[in-house]
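For reference, the structure discussed in these notes is given below.
What follows draws every value from the coordinates through simple rules; no lab data is involved. This structure is a prediction, so every number in the text was calculated from the model and none was measured. All Cβ positions, glycine included, derive from the backbone under ideal geometry; neighbour counts span all protein chains shown.
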Amino acid sequence: MTQRRLLLRDMVRIRCVEEELADVYRDEQEMRTPVHFSIGQEATAVGVCAALRRVDVVYGGHRCHAQYLAKGGDLTAMVAELYGKQSGSAAGRGGSVHLTDRAAGFGASSAILGEMISVAVGAAWSFALRGESRVAATFFGDGASEEGVFHESLNFAALHRLPVVFVCENNQYSLSSPLPARQPPGTSISGRARAYGIPARRVDGNDVFAVSEAAQDAVRRCRRGDGPAFLELDTYRWREHVGPHWDYDVSGRPKSDVDSWVARCPIRRAAETLSASDPGITDELAAWTREFRAEVHEAVAAAKASPFPAVADLLAGTYES
Ligand SMILES: Cc1ncc(C[n+]2csc(CCOP(=O)(O)OP(=O)(O)O)c2C)c(N)n1
């Protein structure tokens, strides 16, 4: 399969997984973890992770399903984690904001805004000290770029020329607070990265081909030992901040804005671009959708059939144990 088809296929898989999970979350009321869906934002995770190798490590935030899956994280373990089951990726203790799959190079995620930015810098530092040709990448939102740890981490990474790619998924909102209400006019998140001497590109985050090309550049720079790189990817989440629903007009986001971003759907755009030279892509899309829906149904069934962690093991993995 061509690289371009693979990018589209990965986005379709993530969309199918999240849409199915949103439906069962809403209809069954069985999953009790908070869920932050990336529906509409798939191109950022897919474009960036396609530029990484399995040995490279990704760290995410609360909106991490897409990043985990794009990096090759195990779907069955992810769904079980969302159901709080022992077979989950964090043994049912973490929920959707604490996914991890070390074998796939998805290090960790956390709902503490900005926390994983510093952990990624630490990982990159260890790669540099050991002389390993590995790269760390960290995803975070525009809101997280307002945390102090963002600035400390960028400064340290630039100073020590660490192999880390900072990926800001700028979906313009922190909860219901829009970017212009939070950051001074005439400034930008990528501009702040440049202030630390880090080359930063601002890219259409709903164009998976543009994201993938920019990410390849960023990763190459890291592997050459030239230091960190920064990507600011403009995108938009379609659903509410947390939960499975659409949130037209109730969270400060006018329906017309949401609709205009739905019209810029990263999957539809990539499919349209490919169809010019690859007319079979429409049939492929339908086949992939069937395949991935079946895959997630199976993962949901497996999660439901799994046991919850035993009460006796409640403290396993904590400082108490
Ligand atoms: C240190 C910290 N402060 C505040 C919060 C509460 N909080 C959770 S998500 C969120 C908004 C995050 O916005 P952004 O970083 O842009 O990511 P998005 O949800 O848009 O993907 C906030 C303020 C938190 N989890 N951690």
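Label point of ARG5 set 7 angstrom out along Cα-Cβ; within the range 272-304, amide nitrogens under 13 Å from it belong to 274-275, 277-288. Look at the alpha carbon pairs under 8 Å that are at least 6 residues apart: their mean separation over the length of the range 3-313 gives a relative contact order of 24 percent.
Taken one residue at a time, the phi angles of the range 86-102 give Karplus couplings (6.51, -1.76, 1.60, θ = phi - 60°) of 4, 7, x, 5, 10, 6, x, 9, x, x, 5, 8, 10, 7, 7, 8, 5 Hz. Gly and Pro are set to x.
Going from the fewest other Cβ atoms within 10 Å to the most, the residues SER174, SER251, SER212 appear in the order SER251, SER174, SER212. Going toward the positive end of the dipole of the chain, with +1 on Lys and Arg Cβ and -1 on Asp and Glu Cβ, which of ILE267, ALA310, GLY148 do you reach last? Towards the positive end, the residue furthest out is GLY148. Relative contact order of the range 196-321: 18 percent, from C-alpha pairs under 8 Å at least 6 residues apart in sequence.
Between GLN183 and TYR248, the contour length at 0.36 nm per residue exceeds the Cα-Cα span by 21.0 nm. Indicate the gyration tensor shape class of the range 3-313 (rounded, prolate or oblate), computed on the Cα atoms with a ≥ b ≥ c the square roots of the eigenvalues: a/c under 1.5 is rounded; otherwise a/b larger than b/c is prolate and the rest oblate. Taking the square roots of the gyration eigenvalues as a ≥ b ≥ c, the range 3-313 is rounded. Dipole orientation for the range 87-239: of the candidates SER174, THR187, VAL164, VAL164 has the Cα lying most toward the positive pole (charges on Cβ; Lys, Arg +1; Asp, Glu -1). Estimated from helices alone, the mean residue ellipticity of the chain at 222 nm is -14000 deg cm²/dmol (sum of -39500 (n - 2.57) over DSSP H runs with n ≥ 4, per residue). In terms of surrounding Cβ atoms within a 10 Å radius of their Cβ, LEU8, LEU154 rank from fewest to most as LEU154, LEU8.
Relative contact order of the range 156-245: 46 percent, from C-alpha pairs under 8 Å at least 6 residues apart in sequence. For LEU129 and ARG194, the FRET efficiency from 1/(1 + (r/R0)^6), where r spans their Cβ atoms and R0 equals 35 Å, is about 0.85.
Taking 0.36 nm per residue of separation and subtracting the Cα-Cα distance, full extension of the segment from ARG32 to ALA312 would add 98.7 nm.
Which GluC sites (Glu not before Pro) does the range 214-321 hold that lie in a coil by DSSP with at most 14 other beta carbons within 10 Å? Answer by residue number: GLU320. Using Cβ point charges alone (K and R +1, D and E -1), the dipole size of the chain about the Cα centre works out to roughly 940 debye.
Note on ARG54 and LYS304: the extension gain reaches 87.1 nm, defined as 0.36 nm multiplied by sequence separation minus the Cα-Cα distance. GNM remark for the chain: springs join alpha carbons under 10 Å apart, and the peak mean-square fluctuation among LEU175, LEU233, LEU99 falls on LEU175. Highest-first packing order for the peptide set 47-55, 310-318 is 47-55, 310-318, based on the mean count of other beta carbon atoms within 10 Å.
For a test of the definition: using alpha carbon positions, the gyration tensor, and the 1.5 limit on a/c, classify the range 177-321 as rounded, prolate or oblate. Rounded, since a/c falls under 1.5. Listed by chain and number, the lysines placed with their C-alpha closer than 16 angstrom to that of LYS304 are LYS85; residues fewer than eight positions away on the same chain are left out.
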